[in-house]
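Read the structure below first, then the notes.
The values are calculated or read from the model by the stated rules, or taken from the named source; none is laboratory data. Model, not experiment: these values are computed from the prediction. Here the Cβ positions follow ideal geometry from the backbone for every residue, glycine too, while neighbour counts run over all protein chains shown. Surface areas here come from the heavy atoms of the whole protein model, side chains and all, with no ligands, DNA or RNA. Shrake-Rupley method; radii C 1.70, N 1.55, O 1.52, S 1.80 Å.
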Amino acid sequence: MSSGVRRRMGVEERRQQLIGVALDLFSRRSPDEVSIDEIATAAGISRPLVYHYFPGKLSLYEAALKRASEDLASRFAEPHEGPLGARLLRVMGRFFDFVDEHGPGFSALMRGGPAVTVGGAHSMSHVSATNALIDSVRQAAYDQILSHLGVTEASPRLELVVRSWISLAESTALIWLDGRRIPRAELETQLVHDFAALAAVSAAHDEDMAVLLRAMVKEEPADGPFAELVGRLIALGS
């Protein structure tokens, strides 16, 4: 039987609750449009109590951003089993799951965060912190892709291919969020095809990339996304 007495949260537990509440609100609307009062109401506490745990919305936003960036980076983790094309397709599925769930928050993260002002001036420390989080996500994605290629140190051309592809995935997701005019599944497949295409173009100019490309497609099944791309390209010329 419940005593009706609400359990008192510890400091860290309350902080984590507030971060979760803020992240949920930031995920549905631009962070600039979310007030401390809304966060307090959603958390079931008073406005002054929010300030007890966080100095202001900026610090709470940065904490939510950190959690979101760690979540996004984890979406690129994938077991090293099965054909590469299928692995990348699963990664893109999880990436777009995040984008779909955290639309406004994802946009704010990739565009450098909201225009928060502190003392009448834009917070440069906030900009630096946001950029560092974005870079950490990109680096995590980059490291994961290299590991799937079986490469410990990328050549300049391979680094160009992988980093260009990561940037393409980001920009594609941002454009898709503006109206969702193309089916998600089509874009996920297209981005896997884009990776293969970028690698193939680079391989046409560099023998080391050609060797890597042959290894990439060697174990690909006839019904995999890489083979599908080849079939589509052949069909264009017929």
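A few remarks follow.
- Candidate set from segment 200-210 (those that are assigned to a helix (DSSP H, G or I) and in contact with a helix residue (DSSP H, G or I) (Cβ under 8 Å, 6 or more places away or on another chain)); member that is most open to solvent (accessible area, probe 1.4 Å): Asp208
- Residues satisfying the criterion are absent from segment 214-227 (criterion: more than 17 Å from Pro83 (Cβ to Cβ), without any contact (Cβ under 8 Å) to a residue 40 or more places away in the chain and buried (at least 16 other Cβ atoms within 10 Å of the Cβ)).
- Identification of helices (runs of 4 or more DSSP H) wholly contained in segment 17-92 with 2 or more residues that are closer than 22 Å to Ala169 by Cβ and open to solvent by less than 30 Å² (accessible area, probe 1.4 Å) yields 57-74.
- Residues of segment 117-138 that are modelled with pLDDT under 65, open to solvent by 60 Å² or more (accessible area, probe 1.4 Å) and part of a helix (DSSP H, G or I): Met124, Ser125.
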